[in-house]
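Quick notes on the structure that follows.
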Amino acid sequence: MGLVLVSLLILIGVTVYLFVYARDPQSFLFRNILMLLTGLFLLILFFFFIGLLAMTSTILGNRSFPGMDWLIDKTLLLLFPVVIALGRLFQIAQDKIQRSFIEVNNQLVRARRQRVHARQYLILLPHCLQRDSCPHKITLSTDNCQKCGRCQVGEILDLAAEKGVNVEVVAGGTMARRALTQHDPQAVVAVACERDLSSGVLDSFPLAVIGVVNQRPQGPCLNTRVDMGALQEALSIQLEHLEQAKGAR
Ligand code: SF4
């Protein structure tokens, strides 16, 4: 959020600079072009300001406001690359920024209280969760997993079967996009590293994606793990609402 504020301050600075510069007696055409640019920057600032206000109210109030979801998504989509660039400039670890973004996104999804049937859910798992020595092609079909217990894939498949949700194991963004097209889910719980999760969440807007950051005891992309408690909690957000919806009928 600090970097978001810095981005806004930079935008304000540019707008003020343009305004002051445009007032300087220059050629008529030049002055009007600068005035037009100042107006454009003011509009962008207003858009971001309302978007951030709506985002903060949604998270703090734990409820969404009609018509604001689109604005919040666009604000995140447009500001996130700026925040990442600023993070690089200030030498802040990218993982940290991406993790914060995933947390903000998860809170927004939670606040929206979307009611989705378990069959319309998809769990997306990264290929690196599979034991590296496992010969079974679970990216082709999760049915190929023998649930031998040498990695967590079998355990997650059991959990998914119990909840009635679909699971796909993907190796990269192209496979993830294909899985989304194939299942056409209304909500997704995705496990991945910070970088893949943040880019996946942004690519999938406005689809509700809850991100669960993986654990990497042997370094990136090798025999990774996931906190089963965090995964169950991510799933329960949606199933809980389903139960509430049933109870309300
Ligand atoms: S649980 Fe499944 S994916 Fe993991 S090592 Fe065993 S067979 Fe392979």
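The values are calculated or read from the model by the stated rules, or taken from the named source; none is laboratory data. The structure presented is a predicted model; accordingly, all values stated were derived computationally and were not measured. Positions of Cβ are generated from backbone atoms using ideal geometry, with glycine treated the same way; all protein chains shown enter the neighbour counts.
Observations on the structure shown:
- Residue check, Ser198 within 16 Å of the ligand (Cβ to nearest atom) and of a type in the set (Ser, Thr, Tyr): no
- Listed conditions (1) surrounded by 14 or more Cβ atoms within 10 Å (Cβ to Cβ); (2) without any contact (Cβ under 8 Å) to a residue 60 or more places away in the chain; (3) over 24 Å from Ala192 (Cα atoms) are all met by Ile59, apart from (3).
- Complete set of residues in the stretch 162-191 that are within 13 Å of Asp143 (Cα to Cα) and more than 14 Å from the ligand (Cβ to nearest atom): Asn166
- In the stretch 134-147, the qualifying residues are those that are near the ligand (Cβ under 10 Å from one of its atoms) and part of a helix (DSSP H, G or I), and the one that is surrounded by the fewest Cβ atoms within 10 Å (Cβ to Cβ) is Asn144.
- Condition check for Leu157: out of contact with any strand residue (DSSP E or B) (no Cβ under 7 Å at 6 or more places or on another chain), assigned to a helix (DSSP H, G or I), crowded, with 19+ Cβ neighbours inside 10 Å and at pLDDT 90 or above: no
- Test: residue in the stretch 198-217 that is out of contact with any helix residue (DSSP H, G or I) (no Cβ under 8 Å at 6 or more places or on another chain) and either part of a helix (DSSP H, G or I) or among the hydroxyl-bearing types (Ser, Thr, Tyr) (or both): no
Residues are listed down the side, and each one gets a yes or a no for (1) hydrophobic (A, V, I, L, M, F, W, C); (2) within 16 Å of the ligand (Cβ to nearest atom); (3) surrounded by 18 or more Cβ atoms within 10 Å (Cβ to Cβ); (4) under 23 Å from Gly164 (Cβ atoms):
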{"residue": "Arg88", "(1), (2), (3), (4)": "no, no, no, no"}
{"residue": "Gln91", "(1), (2), (3), (4)": "no, no, no, no"}
{"residue": "Lys96", "(1), (2), (3), (4)": "no, no, no, no"}
{"residue": "Ile102", "(1), (2), (3), (4)": "yes, no, yes, no"}
{"residue": "Asn105", "(1), (2), (3), (4)": "no, no, yes, no"}
{"residue": "Ala118", "(1), (2), (3), (4)": "yes, no, no, yes"}
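- One residue from Arg131, Arg150, Arg178, Arg110 being among the basic types (Lys, Arg), within 20 Å of Ser204 (Cβ to Cβ) and either surrounded by 17 or more Cβ atoms within 10 Å (Cβ to Cβ) or touching a residue at least 12 places away in the same chain (Cβ under 8 Å) (or both): Arg110
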